[in-house]
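Undergrad: What follows is a structure written as structure tokens; I'll ask about it next.
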Amino acid sequence: MPLIEAERVALRYGGPAGTLALEDFSLTVEPGEFTALVGPSGCGKSSFLKIVAGLHPISAGIARLHGVPIDGPQHGIGMAFQNATLLPWRTTLENVLLPLEVSRDHRATFRRKRREHEARAMALLRTVGLAEFRDHAPYQLSGGMQQRANLCRALVHEPEILLLDEPFAALDAFTREELWGVLQDLWLERRFTVVLVTHDLREAVFLADRIHVVSQRPGRIVKSRVVDLPRPRTLATTFEPAFVDIVHELRDEISRVRRA
Amino acid sequence: MNTTTRLALAPWIATAALLLLWEVGCRVFAVEEFLLPTPSAALAALAQYAEAIWHNAIFTLWVTLLGFALAVVFGLVLGVATGASRLAYAALYPMLIGFNSIPKVAIVPILVIWFGIGAVPAVLTAFLISFFPIVVNVATGIATLEPELEDVLRSLGARRSDILLKVGLPRAMPYFFASLKVAITLAFVGSVISETIAGNRGIGYLMLQASSSFRVPLVFAGLIVVAVMGIGMYALFAWVERRMTGWAFRGQTPIV
């Protein structure tokens, strides 16, 4: 059974006469799969993440998680956005622990299991190379390090699904490519399901198993492409003809979509 | 002299320069004392009536702090309500703005009708004039929570109360402490206005008595005392602000 299913989903913002963000949008995501959504800006990619997170009700069609229609905030979802939004009055470790303090599944036992949770958070921080910055304030971290901490925060409650909305878009090219590796390591180690929204085609091809191209608004999927490059992928992979071919193929498709 | 010392000395020198200009101006143009006394005359009056001024100033300080304390409690509650709930914001904000636009001088006579002459109208005037900036700042701090962060928390099934407690309130604290500095100086304006119109004690009352008997240097001595108390309280709350929300003042430059 697919983990996430969208069947002919439509999403309209602002009442019956509002903007149609998605229409006839169908997509399935298998458990453990790394999916990327690419498309022109404003095409409704991000809206789909909000639907999966249960933050926005759909206007038509069906969206299911584990085969059950989504009707509100779900269990086992982690989210990260372009803006790291770490809380400036908390240390890195305290920031990473925040989801456990407030989430429906953990808040009741947070104090009792503090030790266990801290160990979990530290394991994540170690994987992304931030262990020694556990007691630093966010302002003491560079943009790339803040985004690493943001990833840890999105994963600390061990969600089944990680929803990423252009998480690396605000970073410089070097840091961004470095973080592709960090995210891939986390994913290879833990095998959660990822839906990544990005407009960076190289990023999508580097990270994803399957890439869906979304049309202009109202968004729907116009092309799906399996990326069967071996893992772990490295920066060297990005210069191989197979990689470059996929990027070109997707770029052509996006150009077509934008002209349409 | 390095920059730090120069910055530390600057306010003292600027103030001394103003007093000097005032003193020299009065003497050169031979301004009558009942129009504008020299600062030295004001200081002489301050020394001469030190005891009376001291008692009244302390009274005014208490009245002001009491009104200010009410404003802090009321401002926090109303700020949290209007910042956290769009409904409360829509319902209350126009009223708050309208209320804040009313000159407080116009309210003092009403307060006197209700509570009689004395400390109560002064406390209430200090309160009424100083709560508004606290409400606005706290509400702004809470309402400007990043939408992405709100999505992250809501997707975890976080309760609104948790979001408010763990994120909204701490986030609003720098705004809150910044507003205290403004509010305390306004509170002095309120209490002195009320004492001047309908007091029987306090620095405002003293100034009214002095001006009605043409002891203008004493009026100016009173003004100086109010100004000094205002600066002192401002400095105190600026210090509290830095102590409580230092994280909001730290530079954005990463150390790594």
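Since every read-out is calculated from the coordinates, none of them should be taken as a lab result. Just so we're clear, the structure is a prediction, and the values are computed from it rather than from any experiment. So basically every Cβ, Gly included, is an ideal-geometry build from the backbone, and we count neighbours across all protein chains shown.
Undergrad: 222 nm [θ] for chain A, helices only, -39500 (n - 2.57) per DSSP H run of 4+, per residue, to 500? Numbers along the way, then the final one.
TA: Details: 7 runs with 91 residues, N = 260.
It comes out at -11000 deg cm²/dmol, rounded to the nearest 500.
Undergrad: At 0.36 nm per residue, minus the direct Cα-Cα distance, what do residue B:54 and residue B:249 gain on full extension? Give it in nm, one decimal, please.
TA: On the way: separation 195, 0.36 × 195 = 70.20 nm, distance 3.65 nm.
Full-extension gain reported as 66.5 nm.
Undergrad: Between beta-carbons, use under 12 Å as the cut-off and find the net charge around residue A:23, counting Lys and Arg +1, Asp and Glu -1.
TA: On the way: positive: A:8, A:12, A:217, A:220; negative: A:24.
So the surrounding residues net to +3.
Undergrad: Given Cα pairs under 8 Å that are at least 6 residues apart, what percent is the relative contact order of segment A:106-260? Walk me through the numbers on the way to the answer.
TA: On the way: 134 pairs, mean separation 26.2, N = 155.
About 17 percent, as a whole number.
Undergrad: In chain B, with Lys and Arg counted as +1 and Asp and Glu as -1 at Cβ, which of these residues, B:227, B:112, B:165, has the Cα nearest the positive end of the dipole, that is, farthest along it?
TA: About the Cα centre, the residue reaching furthest to the positive side is B:165.
Undergrad: Quick check: pseudo-label points 7 Å beyond the Cα along Cα→Cβ at residue A:229 and residue B:35, how many nm apart are they?
TA: Roughly 8.6 nm, to one decimal.
Undergrad: Need the list of aspartates and glutamates near residue B:104 for cross-linking: C-alpha distance under 17 angstrom, and skip anything on the same chain fewer than eight residues off.
TA: The qualifying aspartates and glutamates are B:195.
Undergrad: Next question. Which value, in debye to the nearest 20, gives the size of the charge dipole of the protein assembly as shown about its Cα centre, when Lys and Arg are +1 and Asp and Glu are -1 at the Cβ? Walk me through the intermediate numbers first.
TA: Details: 48 positive and 43 negative charges, 140 e Å.
My answer is approximately 680 debye.
Undergrad: Another question, if that's okay. How much FRET efficiency would the formula 1/(1 + (r/R0)^6) give for residue A:190 and residue A:142, where r is the Cβ-Cβ distance and R0 is 22 Å, rounded to 0.05?
TA: On the way: r = 25 Å, r/R0 = 1.12.
Approximately 0.35, to the nearest 0.05.
Undergrad: Something else now. For segment A:49-191, what is one quarter of the convex hull surface built on the Cα atoms, given in nm²?
TA: Across all orientations, segment A:49-191 yields a mean hull projection of 9.3 nm².
Undergrad: Moving on. What is the magnitude of the charge dipole of segment B:37-243 about its Cα centre, with +1 placed on the Cβ of each Lys and Arg, -1 on the Cβ of each Asp and Glu, and no other charges, expressed in debye to the nearest 20?
TA: On the way: 12 positive and 8 negative charges, 23 e Å.
The dipole magnitude comes to about 120 debye.
Undergrad: OK, next. With each run of n ≥ 4 DSSP H residues scored as -39500 (n - 2.57), what mean residue ellipticity at 222 nm is computed for chain B after dividing by its residue count and rounding to the nearest 500 deg cm²/dmol? Let's see the in-between values first.
TA: On the way: 11 runs with 202 residues, N = 256.
That calculation yields -27000 deg cm²/dmol at 222 nm.
Undergrad: Taking chain B as a Gaussian network, where each spring joins two C-alpha atoms under 10 Å apart, which residue of B:232, B:204, B:83 fluctuates the most?
TA: Highest fluctuation of the listed residues: B:232.
Undergrad: In debye, nearest 20: dipole of segment A:128-209 around its Cα centre with unit charges on the Cβ of K, R (+) and D, E (-)? Don't jump to the answer; show the numbers that get you there.
TA: Values: 7 positive and 14 negative charges, 26 e Å.
So the magnitude is around 120 debye.
Undergrad: Another one. For chain B, set up a GNM with springs between Cα atoms under 10 Å and report which of B:38, B:15, B:140 has the largest fluctuation.
TA: B:15
Undergrad: Put +1 on the Cβ of each Lys and Arg and -1 on the Cβ of each Asp and Glu in the protein assembly as shown; which of A:46, B:204, A:98 then has its Cα farthest toward the positive end of the dipole?
TA: Result: B:204, furthest along the dipole toward the positive end.
Undergrad: How big is the protein assembly as shown by the Kirkwood estimate over distinct Cα pairs, in Å? The partial results should precede the final answer.
TA: On the way: mean 1/r = 0.0365 Å⁻¹.
Across the protein assembly as shown, the inverse of the average 1/r is 27.4 Å.
Undergrad: Can you tell me the relative contact order of chain B? Whole percent, Cα pairs under 8 Å, sequence separation 6 or more. Intermediate results must be reported in sequence, preceding the final value.
TA: Values: 313 pairs, mean separation 67.8, N = 256.
Value for chain B: 26 percent.
Undergrad: Okay, next question. Got a sec? Charge dipole of the protein assembly as shown, +1 on Cβ for Lys and Arg, -1 for Asp and Glu; which of A:197, A:182, B:37 is way out at the positive end?
TA: Going by the Cα projections, it comes out as B:37.
Undergrad: Roughly speaking, what is the stretch gain from residue A:13 to residue A:237, that is 0.36 nm per residue apart minus the C-alpha to C-alpha distance, in nm to one decimal?
TA: Working: separation 224, 0.36 × 224 = 80.64 nm, distance 4.03 nm.
Difference between extended and current length: 76.6 nm.
Undergrad: Can I ask one more? What is the calculated FRET efficiency for residue A:62 to residue A:252, with r their C-beta to C-beta distance and R₀ = 22 Å, to the nearest 0.05?
TA: Values: r = 32 Å, r/R0 = 1.45.
Calculated value: 0.10.
Undergrad: Another question about this same structure. State, as an integer percentage, the relative contact order of chain A based on alpha-carbon contacts under 8 Å between residues 6 or more apart. Show your work: numbers first, answer last.
TA: Values: 492 pairs, mean separation 68.5, N = 260.
Once normalised by length, the contact order is 26 percent.
Undergrad: Kindly state, to the nearest 0.05, the FRET efficiency for residue B:86 paired with residue B:28, given R0 = 45 Å and r defined as their beta-carbon distance.
TA: Working: r = 61 Å, r/R0 = 1.35.
FRET efficiency, residue B:86 to residue B:28: 0.15.
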